[in-house]
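Below you'll find the structure, written out as structure tokens, and then a few comments.
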Amino acid sequence: MAISLLVADDSKLSRRSVIKSLPPEIEFDITEAANGKEAIAHIQDSRYQLLLLDLTMPEVDGVGVLEHLRNQGDGPDVVVISADFQPEKQRTVMALGAKKFLRKPLDSEELAMTLFELGYL
């Protein structure tokens with residue numbers, strides 16, 4: 001059965017790169033969001049198992065999405081993928097419930113290891 005996945009990043013190129021980095025041995029049902037507001041709308045309309053989330057996005061940033069999810073309760077596993085890897089930012093997103101913080105450019109092996117750690121592989 002496919003894992004329902006939401007990829008939220010304002011860059012279409014980055015979304016495509018993330019999708020190409022997904023392990024081929026896992027089947028995904030993928031939805032894309034171009035900003036945090038779209039991501040929140042998708043999450044409210046559907047149940048996702050996994051959210052791959054950029055931090056720097058227009059309208060609502062990744063931190064805003066995480067705050068929304070924390071207030072909603074039961075939500076998807078969130079893996080943040082960002083070029084903004086300052087230690088304080090990492091602590092913030094982890095405190096808001098992110099399971100892992102991965103750096104851009106995304107390393108496909110690191111993503112696969114993260115999905116293994118989360119029980120998807």
Check your understanding: Could we say that residue 39 is of a type outside the set (D, E, K, R) and open to solvent by 30 Å² or more (accessible area, probe 1.4 Å) here?
Key -> no
Review point. Any residue in segment 33-55 that is in a strand (DSSP E or B) and more than 22 Å from residue 91 (Cα to Cα)?
Key: yes
Check your understanding: Only one residue in 31, 114 is out of contact with any helix residue (DSSP H, G or I) (no Cβ under 7 Å at 6 or more places or on another chain), modelled with pLDDT of 95 or more and hydroxyl-bearing (Ser, Thr, Tyr), so which one is that?
Key -> 114
Review point. Can you tell which of 58, 23 is part of a loop (DSSP other than H, G, I, E, B) and either open to solvent by less than 30 Å² (accessible area, probe 1.4 Å) or within 20 Å of residue 115 (Cβ to Cβ) (or both)?
Key: 23
Practice item. Go through 99, 104 for me and flag whichever is at pLDDT 95 or above, open to solvent by 50 Å² or more (accessible area, probe 1.4 Å) and either among the charged types (D, E, K, R) or under 11 Å from residue 8 (Cβ atoms) (or both). Key: 99
Review point. Quick one: which of 13, 69 is closer than 25 Å to residue 90 by Cβ, touching a helix residue (DSSP H, G or I) at 6+ places or on another chain (Cβ under 9 Å), part of a helix (DSSP H, G or I) and aliphatic (A, V, I, L, M)?
Key: 69
**Study point:** Members of segment 73-96 that are open to solvent by 30 Å² or more (accessible area, probe 1.4 Å) and of a type in the set (A, V, I, L, M)
**Key:** 83, 94, 95
Practice item. Would you mention how many residues in segment 9-45 are touching a residue at least 40 places away in the same chain (Cβ under 8 Å) and in contact with a Leu (Cβ under 6 Å, 6 or more places away or on another chain)? Key: 2
Point to revise | Considering residues of segment 107-121 that are open to solvent by 20 Å² or more (accessible area, probe 1.4 Å) and assigned to a helix (DSSP H, G or I) only, the residue nearest to residue 25 (Cα to Cα) | key: 112
**Study point:** Where residue 96 falls short, out of the listed (1) under 20 Å from residue 2 (Cα atoms); (2) within 14 Å of the chain's Cα centre (by Cα)
**Key:** (1)
Revision key, fill the gap. Only unsatisfied item for residue 1, checking (1) among the aliphatic types (A, V, I, L, M); (2) outside any strand (DSSP E or B); (3) buried (at least 17 other Cβ atoms within 10 Å of the Cβ), is (3)
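The values are calculated or read from the model by the stated rules, or taken from the named source; none is laboratory data. Quantities reported herein were computed from a predicted structural model and do not represent experimental measurements. Methodologically, a virtual Cβ is constructed for each residue, glycine included, from the backbone with ideal geometry; neighbour enumeration extends over all protein chains shown. Heads up: the accessible areas ignore ligands, DNA and RNA and are worked out on the full protein's heavy atoms, side chains in. Shrake-Rupley method; radii C 1.70, N 1.55, O 1.52, S 1.80 Å.
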